[in-house]
Amino acid sequence: MRLASSFFYTIREDLKDEESISGNLLTRAGMIKKTSAGVYMYLPLGLKALNKIEKIVREEMNATGALEVLMPSLIPEEVYIESGRRENFGKSMFSLYDRNHKPYVLGPTHEELFAVAAKMAIKSYKDLPIMIYQFQNKFRDEPRPRFGLIRVREFHMKDSYTFDRDLAGLDHSYQLMFDAYKRAFDRMGLDYRIVRADTGVMGGLLSEEFQAICPIGEDVLVVEDSSGYAANIEVAACPEPKAAPEVELAELEAVETPEQKTIEEVSAFLQKTPQEFMKSLVYLIDGREYLICLRGDHNVCEQKVLKLLGANEAELADAQTVERVTGAPVGFAGPVGATIPIIMDREVEQMRNFCVGANQLDLHYINCNLRDFKAAKVGDIREITEGEICENGAGPVHFVRGIEIGNTFKLGTKYSEAMDLYFQDEQNSLHPVYMGSYGIGPGRCLAAIVEQNNADGKIFWPKEIAPIQVGIVIINMKNKEQVELGEKLYQDFSQSDLDVALDDRNERAGVKFNDHELIGTWCRITCGKKSAEGIVEVKFSDSEESFELPLAEVKDFVLQRYNEA
């Protein structure tokens, strides 16, 4: 790659419309470019890095014995209706019609089509197990695309699927994929945690996530270090509530709370703590209104609510809905006299004489107790808080944030039964195939690597992923010795397996150095003042040290460093 005649550019200033470090640096480095909210093009250097991530993943997939396929992105909608997932995806699925008015979707995931493909090969137990995978674009209409490549509407994904005759076979295949994922992420140099997660719209028996640790990660991870416990906050179980104190139950009493709406405002006004309140939130769950009730200092865990109700979608009701179902503006909802089903966190069962909204403007109740209302369902529906004891009893938990870069699912027979994927056993009896599903987001891996490996506006790529592994910088293009030496080095390194670029642009030395630091060139070789003597400067991105070497030693020195690094 000769930079003077290649598609290559950089941007000097930070960008206003890229709120993440990785989105900003990758765009400034000329590796990606946003075309619309949550949609990016990969430019030459960005595609090089992405392809190198895919190469690592592909090698680890092939090592398991899995075979690569390619599924279409344009899929008849009926496929997802047949599996029962069309409603689950809801508005997040892009829909369209062909010229004959047949409904299609842009595939958000491909479990169904892989089941269809497997039906062609699986008839008997002798045809099992099978492992297949693909790299393919997925499409999801994210309501809030953000953070560059981390939350997008079109994304590249490696998804793989295993097919086995029983749960023991699924366990074995799952472990093969699980170990391959660990090797792949280790090779990428990522700092990650493996956490238990909610199965979500995928369903099945088990879900685990590979989370790259990052301050801007959208997922909150609950961690207890001494035991190695880690879980997504959506599934981390809260400790059992402490038994209620023996206190006399007081009479329910209405008190005026003018212009006091939030828990903080009302608690300060009544000179009580948030723990003495029960907050009530109106939610729309699969289109139906519910009153979600929990202690005043706790947060709702929507995934736990959905699991408790066996529902698919939950969202806070708007102000108009709240006023219609409670008779009062937002901030005054309560369970006493509620006309919609109450879903209550189990912690409330141990509360006594607590405060609640009175479903009237500027009015709350004090001394509310369980006798004053009836909950339709009670369960663990809140988020665990930092410092609470881990569900395994090992000690207090703390939180870190992560970017989900991979996930693994034990699907069981959910999709095979829905898609009529069965096999005959030795007695010619039919049984559903056990499936596993496994995904890696190469684009998210790319972003996570940059988030974890940058400083002062520079990217520090792991050696295997750097889009330019050897950058040969000619300081003065008018200097014959420098040009000839640079050309000789370029030809030499072009015979190696490393990605090499010759910086033959008519730019100042400082501009060239800054560009190579921005794009993360792993090894920079500078042809400068000592070129007439056949000596160049070699500097690696992971060190401030530089080396002056004669031409004859440069290639072996760099290759040895690469193989040892």
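The values are calculated or read from the model by the stated rules, or taken from the named source; none is laboratory data. Predicted model only: the values in this text are computed from it and were never measured. Positions of Cβ are backbone-derived with ideal geometry, glycine not excepted, and every protein chain shown enters the neighbour counts. Only protein heavy atoms, including side chains, enter the accessible area calculation; ligands, DNA and RNA are left aside. Shrake-Rupley method; radii C 1.70, N 1.55, O 1.52, S 1.80 Å.
Of note:
- Paramagnetic reach from residue 511 (point 7 Å along Cα→Cβ, amide N under 13 Å) across region 1-38: 4, 9-12
- The candidate values were [x] 36.7, 117; [y] 29.0, 96; [z] 27.5, 83; the one computed from these coordinates for Rg and Dmax of the Cα atoms in Å carries the label [y].
- Approximate spin-label separation residue 123-residue 92, in nm, with each point projected 7 Å along Cα-to-Cβ: 3.9 nm
- With an a/c value of 1.5 or above and a/b larger than b/c for the gyration tensor axes a ≥ b ≥ c computed over the alpha-carbon atoms, region 211-308 is described as prolate.
- Multiplying the residue separation of residue 545 and residue 168 by 0.36 nm and removing their Cα-Cα distance gives an extension gain of 130.4 nm.
- FRET E, pair residue 68, residue 205, Förster distance 35 Å, beta-carbon r, rounded to 0.05: 0.85
- Cα gyration tensor shape for region 268-325, rounded if a/c is under 1.5, else prolate or oblate: oblate
- Crossing angle, helix 480-494 versus the chain [Cα axis fit, 0-90 degrees, rounded to tens]: 60 degrees
- Listed residues 311, 172, 228: farthest to the positive end of the dipole of the chain (Cβ charges): 172
- Within the shell defined by Cβ-Cβ distances under 11 Å, the residues around residue 468 carry a net charge of -1, with Lys and Arg each +1 and Asp and Glu each -1.
- Farthest toward positive dipole pole in region 341-418 [+1 Lys/Arg, -1 Asp/Glu at C-beta], among 363, 398, 387: 363
- Helix 509-519 vs. the chain, principal-axis angle (Cα, 0 to 90°, nearest 10): 40 degrees
- Accessible surface area normalised per residue over region 382-474 is 33 Å², counting heavy atoms of protein chains with a 1.4 Å rolling probe.
- Distance in nm between pseudo-label sites at residue 244 and residue 429 (7 Å out along the Cβ direction from Cα): 5.0 nm
- Of the chymotrypsin sites (Phe, Trp or Tyr not before Pro) in region 1-48, the ones in a loop by DSSP (not H, G, I, E or B) with at most 12 other beta carbons within 10 Å are 7, 9.
- Sparse-neighbourhood loop sites, GluC sites (Glu not before Pro) in region 406-478 - DSSP loop, at most 13 other Cβ within 10 angstrom: 426
- Taking the protein heavy atoms of region 108-189 in the context of the full set of protein chains, the accessible area attributed to carbon and sulfur is 53 percent at 1.4 Å.
- Using alpha-carbon coordinates, inclination of helix 167-187 to the longest axis of the chain, degrees: 50 degrees
- Heavy-atom accessible area per residue - region 65-132, 1.4 Å, Å²: 55 Å²
- Distance (nanometres) between label positions extended 7 Å along Cα→Cβ at residue 456 and residue 16: 2.9 nm
- Förster radius 30 Å - calculated FRET efficiency between residue 371 and residue 392, Cβ distance, rounded to 0.05: 0.25
- Pairwise centroid distance, computed over Cα atoms, of region 215-248 with region 402-418, Å: 24 Å
- Among the GluC sites (Glu not before Pro) in region 294-388, those located in a DSSP loop and surrounded by at most 16 other Cβ atoms within 10 Å of their own Cβ are 386, 388.
- Measuring r between the beta carbons of residue 262 and residue 478 and using R0 = 60 Å, the FRET efficiency lands at 0.30.
- Local net charge near residue 153, Cβ-Cβ under 13 Å (Lys/Arg +1, Asp/Glu -1): +4
- All Cα-Cα separations within region 142-297 were binned at 10 Å from zero, giving a P(r) of 7, 21, 28, 21, 14, 7, 1, each value a whole percent of the pairs.
- Cβ-based net charge around residue 546, under 13 Å, with every Lys or Arg adding one and every Asp or Glu removing one: -1
- About its Cα centre, the dipole of the chain is roughly 1640 debye, where the only charges are +1 on Lys and Arg Cβ and -1 on Asp and Glu Cβ.
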